[in-house]
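These notes concern the structure reproduced below.
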Amino acid sequence: MGKWYFKFGILLVTFMGMVCQPNTIQAIRIKDIADLGGVRPNYLIGYGLVVGLDGTGDKTNTRFTVQSLVNMLERLGIAVNFNDVKVKNVAAVVVTANFPSFAKAGSRIDVLISSLGDASSLQGGTLLLTPLRASDGKVYAVAQGPVSVGGFSMSGAAGGGIQKNHPTVGKITDGALVEREIPSNFSQKDNILITLRNPDFTTVSRLTSAINNRLGENVTEPLDAGTVRLMVPHRFRGRIVELVASIETLEIVPDTAAKVVLDERTGTVVMGENVRISTVAVSHGNLNIVIKEKDNVSQPLPFSRGETTVTPESDVSVREERARLMVLPSGVSIEEVVKALNAIGVSPRDLITIFQAMKAAGAFHAALEII
């Protein structure tokens with residue numbers, strides 16, 4: 001028994017030490033909160049055909065699928081009659097891909113295949129050679145190969161069936177071959193733009209100081225809340241990759257504005273750590289209304305000429321919980337706010353209404369964003 005108390009005491013002390021530790025803000029790498037100007041992927045799109053389907057392709061009245069199949073066969077030297085073509089094993093699809101930065105000719109990228117017509121499944125199909133174009137109309141890659149759906153769809157002749165995942169959308173890993181490169185003079189640049197994903201003046205200032213301290217000279221110029229211009233030092237001219245590698249792993253503490261995000265559809269509430277409130281009293285009470293419907297059957301007397309009738313009856317009851325008043329002092333942290341509101345039984349959906357009322361009263365010092 002004494003050993004049990006001793007072990008429990010050690011566990012309790014350890015737990016209290018973990019709880020009572022002060023909150024520490026973790027530093028984040030620059031590469032995780034910022035991007036290099038001009039270094040970004042590009043979108044590619046193409047129109048193609050998936051063949052080899054087991055009767056799950058587009059219907060016969062899908063004219064653009066039939067026309068595409070006829071045009072392909074004619075280019076292959078096969079003359080066919082438009083009205084004689086059946087396309088139940090063929091599906092028209094849209095092929096999309098992300099063309100990564102610095103992709104070179106001969107490298108491979110993943111492609112996503114989405115049904116364009118009324119095909120029921122792309123399972124077991126093969127994508128035919130499909131050119132992928134960018135917004136400038138030029139072909140940068142070509143895609144071809146077996147489509148991986150990762151699901152299935154089965155139905156019976158009398159209707160109904162079973163479906164797993166989404167069988168009209170598939171993927172081909174490394175299914176596109178890069179044919180054209182995007183010209184880049186990245187290694188010859190004399191300045192680099194670093195853009196924050198979440199613009200903030202304080203974060204930009206910390207980013208500027210961290211880079212200057214690492215390189216040992218003032219080579220950065222903050223342009224606005226989201227952009228920093230880095231002048232390439234002379235010792236790194238022609239060695240931009242080495243320069244970027246030396247600064248992207250620097251760690252800084254990003255600063256954010258106080259914000260609360262509310263999702264009224266799901267009752268989700270996400271709050272930042274900088275949310276503060278002024279002294280305010282919160283009253284919380286629930287009004288529960290219960291409506292029960294039942295049907296009463298009225299039988300006529302024996303040997304009478306009356307008819308049996310059904311009469312509806314509603315039973316409505318109203319119960320209001322006792323409202324409780326909670327005082328939240330000025331300047332409390334978000335942890336204390338949540339703890340105080342949980343103490344009076346506030347649900348996430350009630351939090352949305354309470355925060356909106358506190359904002360209207362001028363006691364809530366944070367931005368409310370409703371999605």
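The values are calculated or read from the model by the stated rules, or taken from the named source; none is laboratory data. Just so we're clear, the structure is a prediction, and the values are computed from it rather than from any experiment. Because the Cβ atoms are built from the backbone with ideal geometry, glycine has one as well, and the counts that use them run over all protein chains shown.
Of the residues making up region 181-224, not one is touching a Phe, Trp or Tyr at 6+ places or on another chain (Cβ under 7 Å) and surrounded by 14 or more Cβ atoms within 10 Å (Cβ to Cβ). Quick one: in region 41-73, of everything that is in a loop (DSSP other than H, G, I, E, B) and charged (D, E, K, R), which residue is farthest from residue 144 (Cα to Cα)? Selected residue: 59. Taking region 221-234 as the range and being more than 12 Å from residue 190 (Cα to Cα) and more than 27 Å from the chain's Cα centre (by Cα) as the test, the residues that pass are 221, 222, 223, 224, 228. Taking the criterion of being at pLDDT 95 or above and out of contact with any Leu (no Cβ under 9 Å at 6 or more places or on another chain), the only residue of region 130-168 that qualifies is 131. Among the residues of region 89-129, just one is in contact with a Leu (Cβ under 6 Å, 6 or more places away or on another chain), in a loop (DSSP other than H, G, I, E, B) and surrounded by fewer than 24 Cβ atoms within 10 Å (Cβ to Cβ), namely 89. The condition of being touching a helix residue (DSSP H, G or I) at 6+ places or on another chain (Cβ under 9 Å) and at pLDDT 90 or above holds for only one of 282, 228, that being 228. If I filter region 74-87 down to residues being without any contact (Cβ under 8 Å) to a residue 24 or more places away in the chain and assigned to a loop (DSSP other than H, G, I, E, B), which single residue comes out as farthest from residue 120 (Cα to Cα)? Across region 74-87, the extreme among qualifying residues is 77.
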